1. Read through the list (1) open to solvent by 30 Å² or more (accessible area, probe 1.4 Å); (2) charged (D, E, K, R); (3) touching a helix residue (DSSP H, G or I) at 6+ places or on another chain (Cβ under 6 Å), then give the number of the only condition that A:Lys140 fails.
2. Any residue in region B:234-247 that is within 13 Å of chain A (Cβ to nearest Cβ) and in a helix (DSSP H, G or I) sitting within a Cβ distance under 7 Å of a residue that is open to solvent by less than 30 Å² (accessible area, probe 1.4 Å) and among the acidic types (Asp, Glu)? List the pairs, counting only those 6 or more apart or interchain.
3. If B:Ser46 meets every condition in (1) within 14 Å of another protein chain (Cβ to nearest Cβ); (2) within 21 Å of B:Tyr141 (Cβ to Cβ); (3) of a type outside the set (A, V, I, L, M); (4) open to solvent by 10 Å² or more (accessible area, probe 1.4 Å) apart from one, which number is that one?
4. For region B:1-57, how many residues meet the condition of being among the small types (Gly, Ala, Ser) and touching a helix residue (DSSP H, G or I) at 6+ places or on another chain (Cβ under 6 Å)?
5. What do you reckon, is A:Thr14 open to solvent by 40 Å² or more (accessible area, probe 1.4 Å) and either free of Cβ contacts under 8 Å to residues at least 40 places away in the same chain or touching a strand residue (DSSP E or B) at 6+ places or on another chain (Cβ under 7 Å) (or both)?
6. Looking at (1) under 16 Å from B:Asn4 (Cβ atoms); (2) of a type outside the set (Ser, Thr, Tyr); (3) touching a residue at least 40 places away in the same chain (Cβ under 8 Å); (4) not in a strand (DSSP E or B), can you tell me which one B:Ile120 breaks?
7. Output the qualifying pairs, or none if there are none: Cβ atoms under 7 angstrom, residues six or more apart or on different chains, first residue in region B:78-102 and closer than 14 Å to B:Met1 by Cα and outside any loop (DSSP other than H, G, I, E, B), second residue charged (D, E, K, R) and open to solvent by 10 Å² or more (accessible area, probe 1.4 Å).
8. Which numbered condition in (1) open to solvent by 60 Å² or more (accessible area, probe 1.4 Å); (2) out of contact with any Lys or Arg (no Cβ under 9 Å at 6 or more places or on another chain); (3) more than 30 Å from A:Lys38 (Cβ to Cβ) is the only one that B:Leu210 fails?
There are 2 protein chains.
Amino acid sequence: MAFNLYLPPQATTTPLHRVPVLIYLSGLTCTGDNCAEKGFFQHRASQKGIAIVYPDTSPRGLMIEGEDDSYDFGSRAGFYVDATKEPWSKGYNMYSYITEELPKALFSSFEQLDSSRVSITGHSMGGHGALTLFLKNPGKYKSVSAFAPIANPINCPWGQKAFKGYFGEDQQSKWKDHDATELVKKYKGPLDLLIDVGTGDNFYKQGQLLPENFVKAAKESGNDKDLVVRYQPDYDHSYYTMASFADDHVDHAAKRLCNQVAGMKSGKSYDVQLNITYE
Amino acid sequence: MAFNLYLPPQATTTPLHRVPVLIYLSGLTCTGDNCAEKGFFQHRASQKGIAIVYPDTSPRGLMIEGEDDSYDFGSRAGFYVDATKEPWSKGYNMYSYITEELPKALFSSFEQLDSSRVSITGHSMGGHGALTLFLKNPGKYKSVSAFAPIANPINCPWGQKAFKGYFGEDQQSKWKDHDATELVKKYKGPLDLLIDVGTGDNFYKQGQLLPENFVKAAKESGNDKDLVVRYQPDYDHSYYTMASFADDHVDHAAKRLCNQVAGMKSGKSYDVQLNITYE
């Protein structure tokens, strides 16, 4: 499995200075390259001293029949779940990959990364991934945000196709267990979450994203106090949209990843890094 | 001919507020898309209120035999010259296109653009284009900068192949007339120029760029007073390099494109736009 890693200038090995990590999960059809090249999170991350990890969106080349036939299922479309239905259960375990395998490889290979400070964000299918991984693992990620997330997959065509393929018909447990709108109903807050959706996004207009359902569920469960959903006028589903608001999402992560020293006041505040040792 | 145009938020039509323009010339193999997607000039341009134009690198589909055979000659490789040798002279007129035809189309179609404030920059072959168009047209562009420019084409393989193809063997007049190192010898300064070259750039190491020759010629002609050439350690020829230093090049252009009002002093300086009428 290939991924891209951006190390900010603050990450140094002599003396060792560990930087926090923001995981960016990509959407359908993407690899780890798209956002690394076009999302432009690195600009603000270089100022804040945050590393960014860009994983792939699925396994590649497992030789499962039909794995490359659809843009929205199989390769390029792992949906950040562990498939339970054959033949996909043999290797489509993106949930375990992002939450366990990748971090293990990452933190053992790059000692500049601080495993105790990790946040998550993503776009579209990756926004779904960011939301569900955060909601299913309280305390694992310091913060979460999303661009145009598939916020209620059990009620949209993309999600229904993917969940039926990866899980089968078990809608009451498996499907709901990977649906952000269902998960937020049970979440014990606080939920400090930033979501951007473009009103010119065709997939939003086609009902693939359904952020309103998520907001309604968050409200009804009392998890909406720190929920910010911004409907950006005319912005579309493209990386231009992400590049336009990437600063805000890095800043959102930096609030939780980078400690501010209250004592340092000379006209501006300073973001400093904690130096926490991990084993 | 297709191009991309970035209009900053400061460009408004009601009431009409004209913004200055930075032309970005791309390198070999590119279209107007590469830098618009990956160079990330828009981030600082949106703060400074500068529009950016990304032209294509050559004519397309002229049906000239062999036009698509090489990555470094013909389509995708117009070299920003007007070819004099047949069959290329029939349509390979990128010099006239960038300096005359494109501005005419641009300023008549987008009234938000201020035709009296135009700067130019570019990468590799486009860096060559930016330098030569600036040096050959004193006063036409408010400023010039370049990433990894082909700074002395008559002495490198890329340039020799292109000039031989587009001009024939007339090295003493046509070739030298489109060579930045030759042109700077005759330039009547001041020449306020920013150039970035990565020391990990393979084409730099292969002798395709030759910035040292340009610097030497600028020194000998007394045009080096405001010449800044930065050798960026380990940076390569890619758009990641441009994205890393795009802010500096937009700032370099903004010095000449955006007037600062001397009277406005309240702790910081304000960039404001001139409202000059063009016919």
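The values are calculated or read from the model by the stated rules, or taken from the named source; none is laboratory data. Keep in mind that this is a model prediction, so the values were computed, not measured. Note: ideal-geometry Cβ built from the backbone for every residue, glycine included; neighbour counts use all protein chains shown. We work out accessible area using only protein heavy atoms, side chains counted, and drop any ligands, DNA or RNA first. Shrake-Rupley method; radii C 1.70, N 1.55, O 1.52, S 1.80 Å.
1. A:Lys140 satisfies all of (1) open to solvent by 30 Å² or more (accessible area, probe 1.4 Å); (2) charged (D, E, K, R); (3) touching a helix residue (DSSP H, G or I) at 6+ places or on another chain (Cβ under 6 Å) except (3).
2. The qualifying pairs are B:Phe245/B:Asp196.
3. The failed condition is (2).
4. Number of matching residues: 4.
5. So A:Thr14 passes the test.
6. Tallying (1) under 16 Å from B:Asn4 (Cβ atoms); (2) of a type outside the set (Ser, Thr, Tyr); (3) touching a residue at least 40 places away in the same chain (Cβ under 8 Å); (4) not in a strand (DSSP E or B), B:Ile120 fails exactly one: (4).
7. Matching pairs, first to second residue: B:Asn93/B:Asp82; B:Tyr95/B:Asp82; B:Ser96/B:Asp82.
8. Every condition holds for B:Leu210 apart from (1).
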